[in-house]
Amino acid sequence: MDESSTTEKAKLFSKPSPVSFINSATAPAGLESDVVIVFDSTSSFVPSSKKTKTIIDDALRFLLAELVNAGFTFSVRSSKPGAVFIFVRASDKVIAIADYQSKVRDWLYGVRPTAPSPSEELDSEFSVAERLRLVYARLTLSAKDHGLGITPGQGDWIVVKSIFAPHDPEFNVAWINRWSRRWQLDDAELELIRGSFGEEIGMYFAFLQFYFKQLIFPMVLGLAAYFFLPDFSPIFAVVNCIWCCVFVESWKKREVELAVKWGVKDSAQLQHLRPTFRGDSEREDPITGILVQYYPSWKRVAKQFTAIPVAFVAGVALVILQGLVFIIEIFLAEIYDGPGKQYLVFLPTALLATLVPTFTKFYGMIATGMTDWENHASEHTYATSMTQKMFVLNFLTSYMGLFLSSYVYLPFGHLIAPNMELIAINMRYFIGEKASAKAFTLNTLRLKQQYIYFIATAQLINFFVETCLPFIQRKIFSEAKKLQGKVTGTQVTGIVDAKSEAAFLSRVRAEAEYPDYEVAEDYREMVVQFGYLSLFATVWPLAPAFSFVNNWVELRGDAVKICLDTKRPIPAKADSIGPWLDNLSFLTWLGSLTTASLVAMYRTTNGDSNSLVSTRPWVLFATVLLSEHVYLVVRYLVSLMFASFDSDILQKDKKQKYISRRSIMAEQDEKVHVEDVEHEMMRVTEDERDDWRKQINEAINLLDLTLLNDDKKKE
């Protein structure tokens, strides 16, 4: 860890203010750990045939023996009847060896500019994130990648429910208090995030901070347009489109700089094999010459093409669903004037709130199954495939209502009025004589009202549901469990902890039930918000201002969510925001089309026609076509401009690579065989092995005791 990072961390923890809603119980002596393995024989995923005492004991004995043979130390405590927590900590020599092996791999694949030297690297220091990443990798990677291959819920590890890292309450308290007093984040703050949660989470917060700062320009422009320019102003529309293009291209450069600075550039190609990957055969890797599992690329591509018709059918079904709800909403709000109207107007909202999430969840299950079927070799390609499948549905659920209002209701809504008598007759026929229809008038503010809801109200509701609601639900559930214990006169868990460990174990039990943190969900929110700005900002110029405020809150809300609502993220390397960058580029291109069409259609009205849209079709087509071509030219020029600037970080990286290549031949004579070093460092005495056997037997007895207490409780 470098000196500047250490200094910033010292500043962070200089005066931590207490945050009462965080359980700050620290690990007592003997329970300090890197990760916690949840061994749960009661899990529904464990077949009944494997829930016998002998099989469970053997599974636990095998797991603990694997840990000690790999150089880990452990302590076992009860979690609940039939389940235990295994607090695992790696020795310094295990971390050093894993770090050296990781750096060798980085160097071989071009991620690291210099070859690691065992005599130096085996004596280096590690950040919290580096240590946790190395420990998790050592536990979960396959034997070929120098790991134990522990895969929760899979194969021999079906009794292992999960592996997670306990939160650091001291860091969480200081982090939340620090951000509550700061307006923006600097590079030092990003370094702290990276040092605690890894490059993947650091890259997300870097993107969110960059996006937040870049919104200042469209916010100021939008305020000026709102007060001084007419509705659907071409000036605001053009400048906003240019800003979207500049933002995407500038972020491309920024993420490259961060990847180089953090030493993770091109790390996406280092992804290890997914545990579920199954090759058809074994072949020699054309680069490394190592025998690896092989799965033909054409098979995976063929399977991916099958996702296109599935996504198309799902998209059409969702469009039909939202279209029907849209028609029902127009009918009940602007045409129907019969009995029960005050209640029926809420029907469209209720339908969308129930049907769309259900449909999305169902499609998500199908998309997950199809992505699993594609048999991806790495997590990177798996996540990319899954993201693109879900983006199609997210696009439709987020923007379809606005598209219907923009290109269906407002241009063609005037056609309803001449047919009102026919509509009234049909209403009386199907509903009864009490049914009546009021005179239909086109709601010219409908598009703006919808847009304000999505860009302001919906984001506020989403923040509450995402950040506050899980915390409230857990508090209510926790109090309900305490009340149950008082009523029955027994502890809910049926387990009595040592007094010195009770508070800490209570915190670990709570964290074990937290959901995993999904950074993809947070990226999705930001990309959808960017889509609202790139596609429809001309509808309401104040949208960038609301997004600016929302993102200031979102930065802090996501930090609180990580600390309070989810398990601690396992650090991982990342050199970009992944497939979300392609989605941003797509939305920018599409925004050049929608913005041009909206300005052409709605900036003027025709007094001689009932239609709100007065633009001739050929003029509209020519405007959209011209806008797209201008966008392509602007994007090319902007990318060319950013490519011409070479930052200090990139220049330093090029210099380092040049120096390392000049000295690589001289270093060859100073090689140290890491296998010999590893063998020497991992040597243990027979007394140590006797102590390990004693600990394993005590762990088996503890698990048996929890099962015995559970049986007595049931009797």
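The values are calculated or read from the model by the stated rules, or taken from the named source; none is laboratory data. Nothing here was measured: the structure is a model prediction, and the numbers come from that model. Cβ sites come from the backbone with ideal geometry, for glycine too, and all protein chains shown count toward neighbours. Side chains are part of the model used for accessible areas, which takes the heavy atoms of the whole protein and leaves out ligands, DNA and RNA. Shrake-Rupley method; radii C 1.70, N 1.55, O 1.52, S 1.80 Å.
Does ALA559 fit the bill of being aliphatic (A, V, I, L, M) and more than 14 Å from the chain's Cα centre (by Cα)? Against the criterion (aliphatic (A, V, I, L, M) and more than 14 Å from the chain's Cα centre (by Cα)), ALA559 does not qualify.
Contact map, segment 220-234: residues that are within 17 Å of PHE546 (Cβ to Cβ) paired with residues that are β-branched (Val, Ile, Thr) and modelled with pLDDT of 90 or more, Cβ distance under 7 Å, separation 6+ or inter-chain. Pairs shown: LEU221/VAL239. When segment 681-715 is filtered for residues that are at pLDDT below 65, part of a helix (DSSP H, G or I) and either of a type in the set (A, V, I, L, M) or open to solvent by 100 Å² or more (accessible area, probe 1.4 Å) (or both), the ones remaining, listed by number, are MET681, LYS712, LYS713, LYS714. When ASP57 is tested against (1) in contact with a strand residue (DSSP E or B) (Cβ under 6 Å, 6 or more places away or on another chain); (2) surrounded by fewer than 21 Cβ atoms within 10 Å (Cβ to Cβ); (3) in contact (Cβ under 8 Å) with a residue 40 or more places away in the chain, exactly one condition is not met: (1). How about segment 140-173: which of its residues are part of a loop (DSSP other than H, G, I, E, B), over 16 Å from ALA98 (Cα atoms) and among the small types (Gly, Ala, Ser)? Answer for segment 140-173, where residues must be part of a loop (DSSP other than H, G, I, E, B), over 16 Å from ALA98 (Cα atoms) and among the small types (Gly, Ala, Ser): just GLY153.
With respect to the conditions (1) open to solvent by less than 20 Å² (accessible area, probe 1.4 Å); (2) within 30 Å of ARG181 (Cα to Cα), SER592 falls short on a single one, namely (2). Among the candidates ALA98, ALA83, the residue that is within 30 Å of GLY263 (Cα to Cα), of a type in the set (Gly, Ala, Ser) and either open to solvent by 50 Å² or more (accessible area, probe 1.4 Å) or at pLDDT 80 or above (or both) is uniquely ALA98. Scanning segment 72-86 finds no residues that are within 30 Å of ALA510 (Cβ to Cβ) and assigned to a helix (DSSP H, G or I). The listed residues are ALA29, ALA137, and the only one of them that is among the aliphatic types (A, V, I, L, M) and touching a helix residue (DSSP H, G or I) at 6+ places or on another chain (Cβ under 9 Å) turns out to be ALA137. Of the residues making up segment 149-173, those that are touching a Lys or Arg at 6+ places or on another chain (Cβ under 9 Å), crowded, with 19+ Cβ neighbours inside 10 Å and farther than 17 Å from LYS567 by Cα number 1. For segment 244-303, a residue qualifies if it is in a loop (DSSP other than H, G, I, E, B), acidic (Asp, Glu) and free of Cβ contacts under 8 Å to residues at least 24 places away in the same chain, and the qualifying residues are ASP280, ASP285. Taken over segment 46-77, the criterion of being small (Gly, Ala, Ser) and either farther than 15 Å from VAL159 by Cα or touching a Pro at 6+ places or on another chain (Cβ under 8 Å) (or both) is satisfied by ALA65, ALA70, GLY71, SER75.
In this structure, LEU590 does not qualify as within 23 Å of ALA259 (Cα to Cα) and at pLDDT 90 or above.
Of the residues examined, ILE95 is not one that is of a type outside the set (Gly, Ala, Ser) and not in a helix (DSSP H, G or I).
Of the residues making up segment 39-49, at least one is part of a strand (DSSP E or B) and either within 30 Å of VAL173 (Cα to Cα) or acidic (Asp, Glu) (or both). Among the residues examined, VAL539 does not qualify as out of contact with any helix residue (DSSP H, G or I) (no Cβ under 7 Å at 6 or more places or on another chain) and farther than 30 Å from SER162 by Cβ. Evaluating ALA10 against the criteria (1) part of a helix (DSSP H, G or I); (2) modelled with pLDDT of 80 or more; (3) out of contact with any helix residue (DSSP H, G or I) (no Cβ under 9 Å at 6 or more places or on another chain) leaves one unmet condition, (2). Got at least one residue in segment 124-137 being among the charged types (D, E, K, R), modelled with pLDDT of 90 or more, in a helix (DSSP H, G or I) and in contact with a strand residue (DSSP E or B) (Cβ under 9 Å, 6 or more places away or on another chain)? Yes: one or more hits. Does GLU513 fit the bill of being surrounded by fewer than 18 Cβ atoms within 10 Å (Cβ to Cβ) and under 22 Å from LYS161 (Cβ atoms)? The answer is yes for GLU513. Filtering segment 174-192 to residues that are surrounded by fewer than 17 Cβ atoms within 10 Å (Cβ to Cβ), of a type outside the set (Lys, Arg) and not in a helix (DSSP H, G or I) leaves SER180, TRP183, GLN184, ASP186. On the stretch given as segment 221-259, residues that are within 13 Å of SER592 (Cβ to Cβ) and buried (at least 20 other Cβ atoms within 10 Å of the Cβ) total 7.
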